[in-house]
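Contents: one structure, followed by commentary.
The values are calculated or read from the model by the stated rules, or taken from the named source; none is laboratory data. Source: prediction; values computed, not measured. Cβ atoms come from the backbone with ideal geometry, glycine included; neighbour counts cover every protein chain shown.
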């Protein structure tokens, strides 16, 4: 979302992902819609801006994958977190990849779960 909404970390995120294979749980697709709807509720974005974000989002070469629901629920339970966040951690574990997030809580849990987290500095 930081890339789509031109937040301060956008350029750093783009640099970190250039040439990388981007893999995400299928839930990320729906989380984008959820994030945009939350921005509507807060009056931070118009419909036109949301549609422009979606147009840009479709240009990101993401490969969506299924993650084992049982493992995600176990991680969510172990750390008292939402399953949507656990899906990201399990996805990184499943493919031996790094996690890229600006969420400090998610970074901490991922590290506890043995997932390498890419540091993002603007």
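Observations, loosely collected:
- All helices (runs of 4 or more DSSP H) inside segment 1-61 with 1 or more residues being at pLDDT below 90 and surrounded by 12 or more Cβ atoms within 10 Å (Cβ to Cβ): 10-17
- For residue 90: the one exception among (1) over 20 Å from residue 7 (Cβ atoms); (2) surrounded by 14 or more Cβ atoms within 10 Å (Cβ to Cβ); (3) free of Cβ contacts under 8 Å to residues at least 60 places away in the same chain: (3)
- Some residue of segment 100-112 being more than 16 Å from residue 7 (Cβ to Cβ), surrounded by 17 or more Cβ atoms within 10 Å (Cβ to Cβ) and touching a strand residue (DSSP E or B) at 6+ places or on another chain (Cβ under 6 Å): yes
- Top-ranked residue in segment 67-87 [being out of contact with any strand residue (DSSP E or B) (no Cβ under 6 Å at 6 or more places or on another chain) and closer than 25 Å to residue 14 by Cβ; ranked as surrounded by the most Cβ atoms within 10 Å (Cβ to Cβ)]: 85
- Residue list for segment 93-114, filter: under 13 Å from residue 24 (Cβ atoms) and either assigned to a helix (DSSP H, G or I) or in contact (Cβ under 8 Å) with a residue 40 or more places away in the chain (or both): 94, 95, 97, 100
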